[in-house]
Each structure stands twice: as C-alpha cells, then as structure tokens.
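The block underneath contains the structure these notes are about, expressed in structure tokens.
The values are calculated or read from the model by the stated rules, or taken from the named source; none is laboratory data. Predicted, not measured: the structure shown is a model, and the values here were computed from it. Cβ placement follows ideal geometry from the backbone for every residue including glycine, while neighbour counts extend to all protein chains displayed. Ligands, DNA and RNA are stripped out before the accessible areas are found, and what is left, the full protein with its side chains, is counted by its heavy atoms. Shrake-Rupley method; radii C 1.70, N 1.55, O 1.52, S 1.80 Å.
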Amino acid sequence: QVQLVESGGGLVQAGGSLRLSCAVSGRTFNGYTMGWFRQAPGKERNLVAEISWTGSNTYYADSVKGRFTISRENAKNTVYLQMNSLKPEDTAVYYCAAGFSGNWARELYEPNYWGQGTQVTVSS
C-alpha cells in the first residue's frame, strides 16, 4: 500500500517561512508526479504546486508564485514545499499528492494518492 506522510506544518507569523515535507512509503514506483494542494476554510481544494519526476517541469499557482518552491529527492521518495513570505491568506490545510501521470494544472490527470493533510496557519 502506498502512503504519503507529511510533516512541517504549524503556526507561523506573516512574513515567516515554513517547509513542508512529504515522504512516499510502501509500494513505491518510478516516474510519478508529486505536488501540493491546499484547502482554506469555506473554499475548494486547489492545486498549489506540482513537480514532474525529473523536476524539470514545475507549476505554481499564481497566488504563490515567487514565494513557494517545490522540489523533490527521488532517492528518498520525498517532495518538499518551501514557503517563504507567508501571508495570512496562505492559511489552509495542505495536502500532499502523488500520481502516475502529471499535468494536473491542465486537468489532464489527477492524483492517485493523497496525504492526510497538515494545517498551516499564518498569523497577522
């Protein structure tokens, strides 16, 4: 069974930084796309960032572009989300995701596996 385990969430002040990690364990596979979604209170779940297997292709939502950076270490089956210059509007539950096929932003495919979600709260 494939499991996604997240860490790094918490409470941070506006302007601060936080780094989320997501490790894939269990029956791992090669070539998968990974990324992060978030869901704010009363809002739908939206794609924040995604990254291809090689890391050569990345996508960022306009709201986080220039502030967030997604990266991965395939040897550890781990994806990261470095979040800088955090704003209160970044407050949400963040979900790690993995999929057999990418281009989630274009809605060609969708994730096959999801993490449990981790709370990120940015105070004013």
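Miscellaneous remarks
- Spin-label model distance (nm) - R27 vs N74, 7 Å beyond Cα toward Cβ: 2.2 nm
- Centre-to-centre separation between the Cα atoms of segment 1-19 and those of segment 41-67: 15 Å.
- Treating r as the C-beta distance of N46 and Q1 and R0 as 25 Å, the FRET efficiency rounds to 0.40.
- The longest part of the chain holding none of the exposed loop trypsin sites (Lys or Arg not before Pro), meaning those outside H, G, I, E and B in DSSP with at most 12 other Cβ atoms within 10 Å, is 66-124.
- Residue range of the chain that is longest and free of GluC sites (Glu not before Pro) which are both DSSP loop and sparsely packed (at most 15 other C-beta within 10 Å): 45-106
- For the chain, size of Cβ-based charge dipole, Lys and Arg +1, Asp and Glu -1, in debye: 160 debye
- Shown for the chain: the carbon plus sulfur share of the solvent-accessible area, taken with all protein chains present and a 1.4 angstrom probe, equals 44%.
- P(r) tail, segment 31-82: Cα-Cα pairs separated by more than 12 Å, 63% of all pairs.
- For the chain: accessible area per residue (Å², 1.4 Å): 53 Å²
- Per-residue HN-Hα couplings for segment 49-64 [Karplus 6.51, -1.76, 1.60; θ = phi - 60°; Hz; x = Gly/Pro]: 7, 9, 9, 6, 4, 7, x, 6, 10, 10, 9, 9, 5, 4, 5, 10
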